[in-house]
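The values are calculated or read from the model by the stated rules, or taken from the named source; none is laboratory data. Since we're looking at a predicted model, the values are computed, not measured. Ideal geometry is used to build each Cβ from the backbone, glycine not excepted, and the neighbour counts take in all protein chains shown. Note: areas computed on protein heavy atoms with side chains; ligands, DNA, RNA excluded. Shrake-Rupley method; radii C 1.70, N 1.55, O 1.52, S 1.80 Å.
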Amino acid sequence: MTTTTSQVNAVLRTPPASPAAAAAFFSASLAFHADVSDVAAALAAEAADGTDPGFVVIDSRSTASWDQGRVPGALHLPTALIPEQAERLLDRSVPVVTYCWGPGCNGATRSALALAERGFQVKEMLGGFEYWVREGFPYETWEGPAEKAADPLTAPVAAADCGC
């Protein structure tokens with residue numbers, strides 16, 4: 001008698017969540033995160049026609065990092081200064097979107113936590129400043145405005161958006 005052993009691949013070793021659990025998880029994820037291109041589109045609409053995006057963007061990095069490059073219109077509020085400055089700089093009725101360097105940095109997560117603990121509505125911008133630049137959005141430096149071509153591995157080359 002021959003016995004066949006079926007191996008489950010690493011993807012399915014832990015079975016997928018139920019559709020209801022997956023819907024709850026992904027819905028919650030969207031409540032906590034904002035996409036770089038969505039933030040850029042909202043800020044561009046504000047610049048073009050004065051439409052209030054309904055949120056404020058916070059750069060949680062150091063002054064040296066801020067000088068190196070930042071999202072236009074962002075407020076500079078390093079994570080360590082949130083306890084003493086958030087109340088003075090921010091309005092609790094306006095949601096906050098935090099960012100730091102990029103996906104390898106959890107500074108935006110730490111600043112979002114610090115703001116949430118102080119009663120602010122907050123989202124984290126996925127990809128941070130790295131993906132802002134990689135997707136070809138304009139940014140500011142201590143020398144003035146700057147912009148780089150979009151990286152084709154992170155953004156569509158010949159389209160306004162990725163269609164997702």
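A few remarks follow.
- Short to long, the 10 Å bins of the Cα pair-distance histogram for the range 38-118 hold 18, 50, 29, 2 percent of all pairs.
- Per residue convex hull volume, Cα atoms of the range 116-164, in Å³: 125 Å³
- Packing here is the average count of other Cβ atoms within 10 Å per residue, and on that basis the peptides 34-42, 8-16, highest first, run 34-42, 8-16.
- Amide hydrogen neighbours beyond the local backbone of VAL122, cut-off 5 Å, H modeled: VAL96
- Mean accessible surface per residue for the range 1-125, computed with a 1.4 Å probe while every protein chain stays in place, in Å²: 61 Å²
- Helical mean residue ellipticity (222 nm; -39500 (n - 2.57) per DSSP H run of 4+; nearest 500) of the chain: -10500 deg cm²/dmol
- Taking LEU89, LEU113, LEU126 in turn, the Gaussian network model of the chain (Cα-Cα springs below 10 Å) assigns the largest fluctuation to LEU89.
- Fraction of accessible area attributable to carbon and sulfur, the chain (%, probe 1.4 Å): 58 percent
- Phi to ³J(HN,Hα) by Karplus 6.51 cos²θ - 1.76 cosθ + 1.60 over the range 128-134, Hz, x for Gly, Pro: x, 5, 4, 6, 4, 6, 5
- Overall dimensions of the range 1-147, expressed as equivalent-ellipsoid semi-axes from the Cα gyration tensor (√(5λ), whole Å, largest first), are 36, 19, 16.
- Label separation (GLU147 vs SER18): 5.0 nm, computed from points 7 Å beyond Cα along the C-beta direction.
- Top of ARG88, ARG61, ARG134 by mean-square fluctuation, Gaussian network on the chain, Cα under 10 Å: ARG88
- Loop-exposed GluC sites (Glu not before Pro) per DSSP, neighbour cap 15 Cβ within 10 angstrom, longest uninterrupted part of the chain: 1-142
- Evaluated with a Cβ-only charge set (Lys, Arg +1; Asp, Glu -1), the chain carries a dipole of roughly 680 debye about its Cα centre, given to the nearest 20.
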